[in-house]
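Everything on this sheet refers to the single structure shown next.
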Amino acid sequence: MFHLLDIIGTMAFAMSGALTAMHKKLDPFGVFIIAFVTAVGGGTLRDVLIGRTPVGWMQDLQYVYVIILGYGLAILFRKKFDKLRTSLFLFDTIGLGVFTLIGLERGIMTGLHPVICIALGTMTACFGGVTRDILCNEIPTIFRREIYATICIFGGIIFFVLRKLNLDQDVLYLVTSLIIIAIRLLAVKYKWYLKAFDHK
Amino acid sequence: MFHLLDIIGTMAFAMSGALTAMHKKLDPFGVFIIAFVTAVGGGTLRDVLIGRTPVGWMQDLQYVYVIILGYGLAILFRKKFDKLRTSLFLFDTIGLGVFTLIGLERGIMTGLHPVICIALGTMTACFGGVTRDILCNEIPTIFRREIYATICIFGGIIFFVLRKLNLDQDVLYLVTSLIIIAIRLLAVKYKWYLKAFDHK
Amino acid sequence: MFHLLDIIGTMAFAMSGALTAMHKKLDPFGVFIIAFVTAVGGGTLRDVLIGRTPVGWMQDLQYVYVIILGYGLAILFRKKFDKLRTSLFLFDTIGLGVFTLIGLERGIMTGLHPVICIALGTMTACFGGVTRDILCNEIPTIFRREIYATICIFGGIIFFVLRKLNLDQDVLYLVTSLIIIAIRLLAVKYKWYLKAFDHK
């Protein structure tokens with residue numbers, strides 16, 4: 001289950017990266033680089049910070065294959081995806097839910113405190129997208145009005161609460177991912193956001 | 001002493017990050033992220049480069065608490081701090097002096113050459129602020145006219161000179177930090193800067 | 001041979017960094033930082049990702065000396081180099097060829113799959129220059145129209161093909177470096193580039 005979610009999140013982020021890069025008219029190689037960085041950026045930062053090296057994607061070629069597949073699908077269906085317009089948003093949201101979970105799990109496996117695990121989950125989910133947006137010269141989604149990283153933190157808290165209930169691990173993973181995905185869909189639909197501090 | 005300085009530097013940088021971010025009207029979560037990154041950015045880069053992982057703040061929750069405290073204080077007193085205007089500059093300078101020292105010390109503990117230790121001190125002191133400025137879309141302080149990183153290098157050289165004198169460690173730490181802080185205050189007051197190369 | 005190439009690549013990238021930074025009228029310290037980051041950026045990222053820490057330049061002061069030498073030469077001959085105009089391009093190209101090879105070699109030494117080794121070679125060759133361009137506020141060479149990283153990938157494939165022939169290691173290194181350098185020279189002369197996807 002864990003592994004399956006990882007594959008799904010990687011492909012979703014690779015496609016979101018490829019679509020953004022094609023929209024910016026990068027050349028095929030540039031599109032691949034952005035797809036790759038979006039897919040592995042968060043996990044790479046996490047692995048480097050906890051000292052799990054060589055980082056994940058270097059030890060398991062499956063990631064490379066999945067990214068190539070996502071890249072190919074994004075190219076093949078680029079006109080279809082573009083019409084839907086929400087597809088980019090959907091892939092990004094799926095990746096967000098799944099990668100938060102993977103970051104949480106890695107933190108627990110490394111024996112870190114829940115607060116640090118939640119930071120790792122948030123980082124895993126958000127950093128690839130931040131890098132994608134910076135390289136494509138977009139304002140990072142994470143800094144736009146909508147809540148984004150906040151959802152990962154909230155999802156992390158729910159994860160540790162549910163974990164106390166001794167749920168089956170697969171159920172725990174699936175439920176947490178789905179909750180994060182659902183909250184983001186609701187957050188965007190109903191325009192939830194945090195208010196800036198009044199200042200001066 | 002070492003630990004106390006680390007706490008002071010972390011809080012000073014957290015506050016400087018929070019104040020900059022509030023000035024940029026980021027939402028409360030964004031302000032927290034900037035405060036966090038400013039406080040731990042330099043040390044995280046240093047720890048990753050020397051292979052001390054999981055990086056410092058993941059192994060000791062005290063950093064997280066101190067950052068939350070600095071964040072809270074910056075929010076509570078944001079109108080006061082804003083009037084003073086120099087407060088941001090002061091916090092930044094305290095962090096600069098203290099973090100240079102911590103970087104130097106870590107380098108020595110890792111058994112690295114003094115030249116590399118000075119590079120680590122400079123990196124620890126400067127990288128958090130560079131990240132803060134980039135994320136807040138400011139020109140990094142380090143690249144503005146005034147000298148900044150140069151002071152850290154100078155402080156590092158003084159540290160290794162004083163170290164030959166067999167001073168008490170606490171005294172050595174305190175004196176070096178204060179010298180760095182003093183030089184920066186003087187540098188800004190008297191507008192010391194390096195001249196660019198004549199070119200063409 | 002391996003070591004000699006590393007020294008040559010480091011100096012070439014240090015000079016390319018220093019020339020770019022002087023062109024941007026940074027102060028002497030800023031020029032040094034850019035020279036340093038350009039020279040060690042790619043190797044540092046590679047070492048961190050594969051877990052070879054403290055990273056290379058911290059363990060061997062020779063890199064620091066070579067960078068200082070390259071920095072000094074770039075300053076001394078800055079007016080000469082500026083007239084030639086192609087010198088920056090030439091140094092960048094030499095660094096590209098040599099550093100690709102070093103990245104490939106490190107990947108093999110770490111026991112990684114050829115695909116990952118090629119990624120490491122590309123990263124080693126390109127990341128220093130990307131950082132140089134971002135810090136100097138230039139559009140990264142890698143994202144401009146001309147092919148660049150693609151050449152590193154191509155060079156990596158040639159390397160693994162030639163390796164099957166049981167060539168002497170020195171010959172293998174030299175030939176691969178020269179092929180990469182030659183392809184880039186041809187690519188720029190004849191304006192080879194990848195076409196962006198037609199979109200919409």
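Inspection of the stretch B:5-19 finds no residue satisfying the criterion of being buried (at least 18 other Cβ atoms within 10 Å of the Cβ) and more than 18 Å from the chain's Cα centre (by Cα). Where helices (runs of 4 or more DSSP H) fall wholly inside the stretch B:44-161, the ranges with 1 or more residues that are at pLDDT 90 or above are B:56-59, B:62-76, B:86-109, B:114-135.
Based on what the data block shows, is A:LEU174 assigned to a helix (DSSP H, G or I), more than 29 Å from A:THR110 (Cα to Cα) and either open to solvent by 30 Å² or more (accessible area, probe 1.4 Å) or modelled with pLDDT of 90 or more (or both)? No, not satisfied. Is it fair to say B:ALA125 is under 29 Å from C:GLY43 (Cβ atoms) and open to solvent by 10 Å² or more (accessible area, probe 1.4 Å)? When the stated conditions are applied, B:ALA125 does not pass them. Look at the stretch C:26-52: where a residue is more than 9 Å from every other protein chain (Cβ to nearest Cβ) and open to solvent by 30 Å² or more (accessible area, probe 1.4 Å) and a partner is assigned to a helix (DSSP H, G or I) and hydrophobic (A, V, I, L, M, F, W, C), sitting 6+ places away or on another chain with Cβ atoms under 7 Å, you get C:VAL37/C:LEU135; C:LEU45/C:MET123; C:LEU45/C:PHE127. Here B:THR86 clears all of (1) without any contact (Cβ under 8 Å) to a residue 40 or more places away in the chain; (2) among the hydroxyl-bearing types (Ser, Thr, Tyr); (3) farther than 22 Å from B:LEU178 by Cα except the condition numbered (3). Taking the numbered list (1) open to solvent by 30 Å² or more (accessible area, probe 1.4 Å); (2) within 14 Å of chain A (Cβ to nearest Cβ); (3) in contact (Cβ under 8 Å) with a residue 60 or more places away in the chain in turn, C:PRO114 passes all entries but (3).
Only one of the numbered conditions (1) closer than 17 Å to B:THR100 by Cα; (2) of a type outside the set (Lys, Arg); (3) modelled with pLDDT under 85 is not met by B:ALA39, and that is (3).
Within the stretch A:61-70, does at least one residue satisfy the condition of being without any contact (Cβ under 8 Å) to a residue 60 or more places away in the chain, within 13 Å of another protein chain (Cβ to nearest Cβ) and more than 19 Å from the chain's Cα centre (by Cα)? Checking the stretch A:61-70: at least one residue is without any contact (Cβ under 8 Å) to a residue 60 or more places away in the chain, within 13 Å of another protein chain (Cβ to nearest Cβ) and more than 19 Å from the chain's Cα centre (by Cα).
Return yes or no: is A:LEU88 farther than 30 Å from B:TRP57 by Cβ, of a type in the set (A, V, I, L, M, F, W, C) and within 13 Å of another protein chain (Cβ to nearest Cβ)? Answer is no for this residue. Residue under question is A:ALA35, and the condition is that it be in a helix (DSSP H, G or I) and farther than 16 Å from C:LEU194 by Cα; does it hold? Against the criterion (in a helix (DSSP H, G or I) and farther than 16 Å from C:LEU194 by Cα), A:ALA35 qualifies. Within the stretch B:151-187, being charged (D, E, K, R) and within 16 Å of B:ASP92 (Cα to Cα) holds for one residue alone: B:ARG184.
Residues that are over 13 Å from the mean Cα position of the chain (by Cα) and closer than 22 Å to A:CYS136 by Cα within the stretch C:107-132 comprise just one, C:ALA119. Cβ-Cβ contacts under 7 Å between residues 6 or more apart (or on different chains), taken from a first residue in the stretch A:167-193 that is β-branched (Val, Ile, Thr) to a second residue that is open to solvent by 90 Å² or more (accessible area, probe 1.4 Å), are listed as A:ILE183/A:PHE154.
The values are calculated or read from the model by the stated rules, or taken from the named source; none is laboratory data. Nothing here was measured: the structure is a model prediction, and the numbers come from that model. Note that each Cβ is placed from the backbone with ideal geometry, even for glycine, and that neighbours are counted across all protein chains shown. Keep in mind that these areas ignore ligands, DNA and RNA; they rest on the heavy atoms of the full protein, side chains included. Shrake-Rupley method; radii C 1.70, N 1.55, O 1.52, S 1.80 Å.
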